[in-house]
Every structure is written in structure tokens, then in C-alpha cells.
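Everything on this sheet refers to the single structure shown next.
The values are calculated or read from the model by the stated rules, or taken from the named source; none is laboratory data. All figures in this text were calculated on a predicted structure; none of them were measured in a lab. Note that we place each Cβ from the backbone using ideal geometry, even for glycine, and neighbour counts take in every protein chain shown. Heads up: the accessible areas ignore ligands, DNA and RNA and are worked out on the full protein's heavy atoms, side chains in. Shrake-Rupley method; radii C 1.70, N 1.55, O 1.52, S 1.80 Å.
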Amino acid sequence: MDYKKLQNGSDIRGVALEGIEGQHVNLTEEVCRNIGRGFALWLRERLGKNELRVCVGRDSRLSGPALSGWICDAMAQQGIQVTDIGMASTPAMFMSTVTGDKPYDASVMITASHLPFNRNGFKFFTRDGGLEKQDIAAILANAAGNQVTGLAPAEVESGAFMDDYAAILVDKVRSATGEQRPLDGFKVVVDAGNGAGGFYVEKVLQPLGADTTGSQFLDPDGSFPNHIPNPEDATAMQAIMDAVAAQKADLGIIFDTDVDRAGAVLSDGSELNRNRIIAMLAAILLREHPGTTIVTDSITSTGLAKFIADKGGVHHRFKRGYRNVINESIRLNSAGQDSQLAIETSGHGALKENYFLDDGAYLVTKLLIELARGKKEGYTLESLIADLAEPAESKELRLNIIPEDFKTYGQSVLDSLQEYAAKQPGWSIAPNNFEGVRVNLDAEHGNGWFLLRLSLHDPLLPLNIESDVPGGVLTIARELACFLLTCDGLDTGKLAEFVG
């Protein structure tokens with residue numbers, strides 16, 4: 001077993017169930033037990049003590065109970081006192097390390113986010129936050145070896161934590177509004193996609209007074225029979241939009257499987273995701289923290305940048321990858337530049353006020369506070385982003401890289417494009433760009449921008465194009481195709497088909 005192949009950035013992910021052709025189980029019992037042993041070794045070395053307590057939770061995936069049993073038992077065999085809390089959200093697992101009189105030393109979340117039903121994986125936390133790439137590499141190296149802690153076996157006990165986590169969110173809203181039931185008179189519907197987010201209805205919204213009639217797919221079901229639990233998925237978003245329309249709701253909320261991401265639908269039926277949810281949170285935080293820096297990923301729009309600037313904030317467009325965005329915001333704060341929000345267009349968002357934890361439930365809790373505040377002061381959520389300029393068109397194409405050494409070849413394409421772009425009339429290379437090649441094009445050449453970047457993990461060059469005029473995306477794509485179609489190591493079939 002090559003354990004390195006299980007690393008997915010700062011997570012471990014693999015195939016836990018048969019059922020999809022060509023994908024065979026690599027998260028076997030032996031592998032999962034070795035990962036548990038590897039984490040126990042890593043944790044003992046990192047914290048430098050023998051008496052350790054670890055909390056373990058899982059989302060609704062069908063393979064979750066088995067993986068949980070294996071890793072819990074393996075850690076206990078290495079002397080770790082383990083508490084299995086069952087169904088949980090990823091953000092709650094971090095909060096278990098910083099909450100109460102006796103926080104856990106670490107926690108493990110068993111999830112593969114929005115990936116298909118046959119996948120699963122592990123996320124790890126200490127009170128310092130989620131583990132980094134180098135930590136995961138060390139755990140997997142331990143798993144591949146034979147070393148043990150040498151400690152006497154401990155026990156696995158059952159426990160609970162989601163009530164404690166939900167109470168934190170409820171208290172946050174009550175403290176901010178000064179009311180016990182600030183959502184009286186509001187209708188809020190939730191789509192949990194049969195993931196782990198169903199708790200939010202009974203344990204957060206209803207105690208705050210909200211009418212949650214019409215909430216859907218709250219029961220955990222790892223076969224995901226209704227739709228993929230993913231706020232970026234068109235079918236999933238349509239499901240919550242339909243629910244908002246049917247119930248005439250004031251707000252709709254949709255979570256991904258493990259609740260570290262969220263999207264929303266406003267009362268007028270419009271989606272609140274990607275650039276729009278970033279703008280909404282930026283508007284709230286710039287009122288609370290004037291002049292703060294909003295760190296986003298690389299594919300946010302020019303309209304969002306102008307929106308943040310007009311609100312008096314600083315837009316810091318950084319690299320894709322939620323850990324990259326979060327770590328950059330932390331770095332800016334350490335350097336003395338206040339940054340209250342780090343967020344990807346995918347919906348991964350982390351606030352300085354909340355441990356820089358990417359927590360979908362916390363993000364929508366901020367929206368609930370704003371909903372209640374607006375009723376008192378005479379404004380709506382929609383009004384907060386009324387002046388956000390949105391592109392007329394947008395398009396993403398993913399170009400496969402053919403050579404085996406895809407990173408080297410992909411970087412050579414980007415280097416060549418940088419030189420090519422500098423010579424083209426009407427093109428201007430965007431300043432302060434941290435990922436790939438981003439180029440702005442004037443009105444004559446498409447009135448928009450494109451970004452070509454190297455995927456973090458896959459042999460791909462994702463291409464994002466936006467334009468402020470109808471037909472502009474095609475104009476930009478055709479201009480860029482003059483360069484990309486000459487790159488022999490790229491599969492440009494999708495691009496050729498698009499530009500005709």
C-alpha cells in the first residue's frame with residue numbers, strides 16, 4: 001500500500017466502498033487501523049505527553065460506522081482515550097478541542113465532503129486548528145511503518161457533543177440581538193442533502209423562534225438519494241430555491257455533507273453563493289471592522305473587488321485551496337494587517353472571530369443575526385449586495401494535461417502565456433496575482449478577464465473567463481485559443497468545441 005496516494009492536501013481521502021467501476025477500496029480495515037496508529041504516534045510526539053483524549057465524529061456516509069470503529073479502536077490500542085460521538089459536523093469536531101472545562105486534545109472527522117457515496121476520509125484537528133499538509137504526510141509515513149506508542153491500551157467510550165456545538169451558535173445569535181427568540185415571525189428552510197447538517201433545524205433555528213416548515217432532506221442517508229449535498233451543484237441549489245419559493249421563506253440554507261460549507265437563497269429567490277455570499281459577508285464584516293482585508297481565492301470577479309473597495313475594505317485575491325486562503329489571512333494578521341474573513345468561492349469561509357474555522361453553520365448564523373437586525377432597522381439581506389456588479393457571462397473550462405509530468409508541463413504553458421499576454425493589444429496582466437496568469441481585456445477584446453491556473457492536485461489547467469457584456473466570454477475565449485491551441489501537451493477539445 002502506497003499511503004502517500006491517500007493524501008489530498010490537508011486531508012486523507014480514499015475509496016471506502018465498492019460500487020463504482022474502476023474504483024476499488026483502498027480504505028480497508030488494515031489501512032484505517034494503521035492511520036489511527038499513525039495519528040496516535042504523531043499526536044504523542046506533537047503534544048509531548050502520554051495521557052491523551054481524542055474525539056471522533058463522522059458524517060452520514062454509509063462507510064462511516066465501519067471506519068469510525070476501526071480508527072477508534074486503533075487509537076485506543078495505542079493508549080489514547082477515545083470518545084466516539086457518532087454523527088457530527090466537521091466544524092464541531094474542531095470546537096470539541098476548545099470547548100468546555102476539559103477540551104479534547106485532538107479530534108478526527110470521518111468525511112469526504114461532497115464526493116460520491118463510495119468515498120470517505122479523515123480530517124484531523126488540534127486546538128491550533130486543522131492539520132497542515134506536512135502533518136498529514138507525517139501521519140501517513142507513520143501508518144506505513146511499524147512503530148507503536150508503547151502505551152497501555154485505553155478505552156473507547158460513547159459520547160455526545162453536537163448539542164454543545166449547537167448551543168454555541170444559539171448563544172451567538174441571542175447575544176448579538178439581545179433577544180431569546182429573535183427569529184419569531186421568520187420562515188427559514190434548510191436543505192441538508194441527507195448529510196450531517198439536519199441538526200441545524202431542531203437545535204439552532206427552532207430555539208431561536210424560526211418557522212422551519214418545508215425544510216428537507218434532514219435525515220442522514222449516505223446514499224444521498226435526493227441530490228449531492230454540495231452548494232456548488234446546480235441540482236442541489238435548485239432544490240433549495242424551489243423550497244424557498246414554495247414556502248415563501250425569508251431565507252433558505254443549504255449545507256454540504258459535513259457542514260464546513262454552506263450556500264443560501266434570499267427571499268427574492270436569488271442564490272447566495274460564490275461572489276454573492278462573499279460580498280454579503282464582506283458587507284457585514286466591513287461594517288463591524290472598517291477597513292479590514294477580505295482574502296479570497298483567485299477566481300473572484302472584478303465586480304466583487306470593486307464592491308469591497310467601495311465599502312472601504314481591501315480585497316486580497318490569493319490562491320485556490322481553502323487552507324491556502326485561511327493561512328494567508330492568518331499570515332496577514334500576524335504581519336499587522338487586519339483580516340477578518342478568508343473565503344473561497346466554493347463556500348469554504350473562515351472568520352477571525354471564530355478561530356479561522358471554515359464553518360458553514362457559523363457563516364449562515366451570521367446571516368441570521370443580520371436578518372433579525374435588518375427587521376429592527378428597516379433593511380433586508382438583499383439590500384446589502386444591491387450594488388454588487390455581477391458579470392454578464394462566465395465560463396469555466398478544464399483542460400487536461402497529457403504529459404505524465406503534468407506540473408512541469410503546466411507551468412511551462414503558464415510561463416509562455418505570461419510572455420504572450422504581455423504582447424497582445426488590449427490585454428493587461430493583472431497585478432498582485434498569486435496564482436496562474438490572470439489577464440484583463442478591454443472593451444474591444446471582450447470586456448472582461450481570464451485566469452489560467454494549474455490545478456492543485458490534478459493534471460489540469462482550469463480556465464475561468466468572465467465578461468461584463470453578452471458575447472464577451474466567447475470573444476475572450478477565441479483570442480486565448482490562438483495561444484492554447486498551439487500547446488501540443490494540452491487536450492484542448494473542449495476549448496475548440498466552445499469557440500467553434
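If you wrap a convex hull around the alpha carbons of the stretch 1-150, what volume per residue comes out, as a whole number of Å³? Intermediate results must be reported in sequence, preceding the final value.
Values: hull volume 14.7 nm³, N = 150.
Normalising the Cα hull of the stretch 1-150 by residue number yields 98 Å³.
Around VAL499, what is the net charge, scoring Lys/Arg as +1 and Asp/Glu as -1 over all other residues with Cβ under 13 Å from its Cβ? Please report the intermediate quantities before stating the final value.
On the way: positive: LYS395, ARG478, LYS494; negative: GLU479, GLU497.
So the surrounding residues net to +1.
Which percent, nearest 5, of DSSP beta bridges in the stretch 1-94 are antiparallel?
25 percent
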| message | Given the -39500 (n - 2.57) contribution per DSSP H run of 4+ residues, what per-residue ellipticity at 222 nm results for the chain, rounded to the nearest 500 deg cm²/dmol? | response | -11000 deg cm²/dmol
| task | Calculate the spin-label point distance for SER223 paired with HIS457, positioning each point 7 Å from the Cα along the beta-carbon direction, and give it in nanometres. | result | 2.7 nm
| field | Ordering of 338-345, 470-477, 29-36 by packing [mean C-beta count within 10 Å, highest first] | value | 338-345, 29-36, 470-477
| request: Output the pairs from LYS49/LYS203; LYS123/LYS376; LYS306/LYS376; LYS4/LYS49; LYS102/LYS133; LYS5/LYS494 with a Cα-Cα distance over 32 Å in this structure; if there are none, say none. | output: LYS49/LYS203; LYS123/LYS376
| Highest-first arrangement of 304-313, 423-432, 82-91, where packing means the average Cβ count within 10 Å | 82-91, 304-313, 423-432
| What whole-number value in cubic angstrom gives the convex hull volume per residue for the C-alpha atoms of the chain? | 155 Å³
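How far, in nm, would the chain grow between ALA309 and THR213 when pulled straight, counting 0.36 nm per residue and subtracting the alpha carbon separation? Write down the numbers at each step before the final one.
Numbers: separation 96, 0.36 × 96 = 34.56 nm, distance 3.88 nm.
Residue separation times 0.36 nm, minus the Cα-Cα distance, leaves 30.7 nm.
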| field | Listed pairs LYS172/LYS375; LYS187/LYS352; LYS319/LYS407; LYS319/LYS395 exceeding 24 Å between Cα atoms | value | LYS187/LYS352
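Starting from the Kirkwood Rh over alpha-carbon pairs, what translational D in µm² s⁻¹ does the stretch 287-434 have by Stokes-Einstein at 37 °C and 0.692 mPa s? Numbers along the way, then the final one.
Working: Rh = 17.8 Å.
Answer, rounded: 185 µm²/s.
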| Arranged from highest to lowest average of other beta-carbon atoms within 10 Å per residue, in what order do the peptides 194-207, 44-57, 290-303 appear? | 194-207, 290-303, 44-57
| What's the carbon and sulfur percent of the stretch 77-145's accessible surface, probe 1.4 angstrom, rounded to a whole number? | 49 percent
| task | Could you give the spread of the C-alpha atoms of the stretch 69-179 along their three principal axes, from largest to smallest, in whole angstroms? | result | 56, 34, 25
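For a distance above 15 Å, tell me the whole-number percent of Cα pairs in the stretch 175-265 that qualify. Don't jump to the answer; show the numbers that get you there.
Numbers: 2240 of 4095 pairs.
Tail of the P(r) past 15 Å holds 55 percent of the pairs.
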| In nm, to one decimal, how far is the modelled label at LEU47 from the one at VAL148, with both set 7 Å along Cα→Cβ? | 2.1 nm
| task | Might you work out the accessible area of ASP415 for me, using a 1.4 Å probe with all protein chains in place, and round it to the nearest 10 Å²? | result | 80 Å²
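Using a 1.4 Å probe over the heavy atoms of the protein chains, calculate the carbon and sulfur portion of the accessible area of the stretch 192-235 as a whole percent. Before the final figure, lay out each step's value.
Numbers: 750 of 1670 Å².
Accessible surface attributable to carbon and sulfur in the stretch 192-235 totals 45 percent.
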| message | Please give the Cα centre distance for the stretch 438-485 versus the stretch 294-324, rounded to the nearest Å. | response | 18 Å
| field | FRET efficiency, 1/(1 + (r/R0)^6) with R0 56 Å, evaluated for TYR379 and HIS24 via beta carbons | value | 0.55
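How do VAL469, VAL259 stack up against each other in accessible area, from largest to smallest, with a 1.4 angstrom probe?
Details: VAL469 50, VAL259 0 Å².
I get VAL469, VAL259, largest accessible area first.
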| query | So what does SER394 come to for accessible area, using a 1.4 Å probe and Å² rounded to 10? | reply | 80 Å²
| task | Express the accessible area of the stretch 209-324 per residue in Å², computed with a 1.4 Å probe while the remaining protein chains stay in the model. | result | 34 Å²
| field | Furthest towards positive pole of dipole, GLY19, LEU52, LEU41, structure part the stretch 14-56, Cβ charges | value | LEU52
| Gyration tensor verdict on the stretch 83-134 (Cα atoms; rounded if a/c is under 1.5, prolate if a/b is larger than b/c, oblate otherwise) | oblate
